[in-house]
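Here's the structure, in structure tokens; my notes come after.
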Amino acid sequence: MRIVVAGGGLAGVSVCQELRAQKYRGDIVLLDQEATQPYDRPPLSKQLLQGLVEPEDIRLPNGTRLAELGVDHRKGVVVSKLVADSVALGGGDELRFDGLVIATGSAPRRLPGQPDVGGVHTLRTLEDAMALRRDLQSAKHVVVVGGGFIGLEVAASAVAKGIEVTVVERGEMPLSGAIGPVAGGWLTNLHRSHGVRFICGTGVAKFFGENKRVQEIELDGGERLRTDVVVIGVGAEPVTGWLAGSSVRVADGVVCDAGLRAGPRIYAAGDVARWEHPLLGPIRAEHWSTAVDHAQTVAANLSSELVGGPSVVRSANEIPYFWTDQYDVKLQVVGCVAGHDRVHVVDDGRRRAILYGRGESLVAALALNQPAFVARHRKAIAAELSWGDAVRNI
């Protein structure tokens, strides 16, 4: 019996580990597009970019145990198509499976007309991060296109290296769509206090350069910005193109039930999964903790299905959690902010925190430098605390 895990990131590696922990004794093949040992992604835009850690410092501990666990880890392998009970590989080979785990993650979006020239970067892989770090060594000015979490983390890392930073954001304020205008304003003002310039309500129209290296960009309104480095951080898309024409349903990710099942003996985990959360409804979460939580659910359900048991013995019901570190601030969020229709803000000089509600339900909470607050409200969301009680108990 063979389980194929497509994707060598945290979700895929964690699934392999969990399958062995749950006593699955069959073959496991891990198909990894990258040629390196599995690594942790959060440090890429922070400690690694600043030179505080090196690639060997961010290896996944369970990634180094794959051989010991009897996992056939195939590096540098691209999965190109799913056909019935086989996956086609980039080199033309096919690999049959009894169970499949889709953990192909997400890939950075590109700008229309984005050139493949020196000094223009996206950030997703270790190779991306090391290339950007090399460019930052001699840079005096960086333009970050996109004021999302990755873009702002890169901006903070560049500032820490003494580099001038301009953030170009198409929206009216960074992160307003992700966490709302109040929290978006808190982070924007934090960056401004460190000298970051923001240009909002516009995008990039053209790139200019010489000798195959960027030197200048032109914004939609005609303003030109000279720069040494451009970092594109305009979001990411789930890697699902290889599933076209298959039985797997795709809609902003692989559509799954509460147990992360996408079809008979096929499951998804991590960034690529859009699943029916028992409390929060259909969601997709590109979070470190979600990848780990998903691995436990997928391993339990797939193992059960392969031996003829129920396909859902465990639901993916953990409350999503993510964090971002910028300067001396740790912003943490639990729950699902998307779709909220009410907020309660605390900003009293001692605490900065926000509750998000949908109807009469508490669906998310956010705080700056308050881990206990976030942990308490993660439990409150799981316990289905009402909006009124949440506000009264804040």
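The values are calculated or read from the model by the stated rules, or taken from the named source; none is laboratory data. Keep in mind that this is a model prediction, so the values were computed, not measured. Heads up, the Cβs are rebuilt from the backbone with ideal geometry, glycines too, and the neighbour counts pull from every protein chain shown. Surface areas here come from the heavy atoms of the whole protein model, side chains and all, with no ligands, DNA or RNA. Shrake-Rupley method; radii C 1.70, N 1.55, O 1.52, S 1.80 Å.
Centroid-to-centroid, using Cα positions, segment 160-219 and segment 307-327 are 33 Å apart. Count the net charge of all other residues whose Cβ sits under 14 Å from the Cβ of VAL165, scoring Lys and Arg as +1 and Asp and Glu as -1. Cβ neighbours under 14 Å give a net charge of 0. Each residue of segment 73-82 is assigned a 3J(HN,Hα), and the resulting list reads 8, 9, 8, x, 10, 9, 8, 10, 6, 10 Hz, derived from the Karplus form 6.51 cos²θ - 1.76 cosθ + 1.60 (θ = phi - 60°), x at Gly and Pro. Accessible area of PHE149 (1.4 Å probe, protein heavy atoms only, ligands and nucleic acids ignored): about 50 Å². When you filter the trypsin sites (Lys or Arg not before Pro) in segment 222-322 for DSSP loop state and at most 14 other Cβ atoms inside 10 Å of their Cβ, you are left with ARG249.
Under the criterion of Cα pairs below 8 Å and six or more residues apart, the relative contact order for the chain equals 14 percent. Only protein heavy atoms count here; under a 1.4 Å probe, CYS200 has an accessible surface of about 50 Å². Count Lys and Arg as plus one, Asp and Glu as minus one, and take only other residues whose Cβ is under 14 Å from that of GLU384; the net charge is then +1. Net charge in the neighbourhood of SER176 (other residues with Cβ under 12 Å of its Cβ; Lys, Arg +1, Asp, Glu -1) is -1.
Orientation-averaged projection of segment 1-115 equals 9.0 nm² [convex hull of Cα atoms, one quarter of hull surface area]. Once Rh is set to the Kirkwood radius over Cα pairs, what Stokes-Einstein translational diffusion coefficient, in µm²/s, holds for the chain at a temperature of 25 °C and a viscosity of 0.890 mPa s? Taking Rh from Cα pairs, D becomes 111 µm²/s.
Within segment 211-310, none of the GluC sites (Glu not before Pro) combine a DSSP coil assignment with at most 10 other C-beta atoms in a 10 angstrom radius. All distinct Cα pairs of segment 215-328 go into the 1/r average, and the inverse of that average, the Kirkwood radius, is 16.4 Å.
The DSSP beta bridges internal to the chain are antiparallel in roughly 60% of cases.
Distance between the modelled labels on ASN211 and SER289, one decimal in nanometres: 4.8 nm (7 Å Cα→Cβ projection).
Here the extension length gained between ASP341 and MET130 equals 71.9 nm, from 0.36 nm per residue of separation less the Cα-Cα distance. Among 128-135, 359-366, sorting by the average number of other beta carbon atoms lying within 10 angstrom of each residue, highest first, gives 359-366, 128-135.
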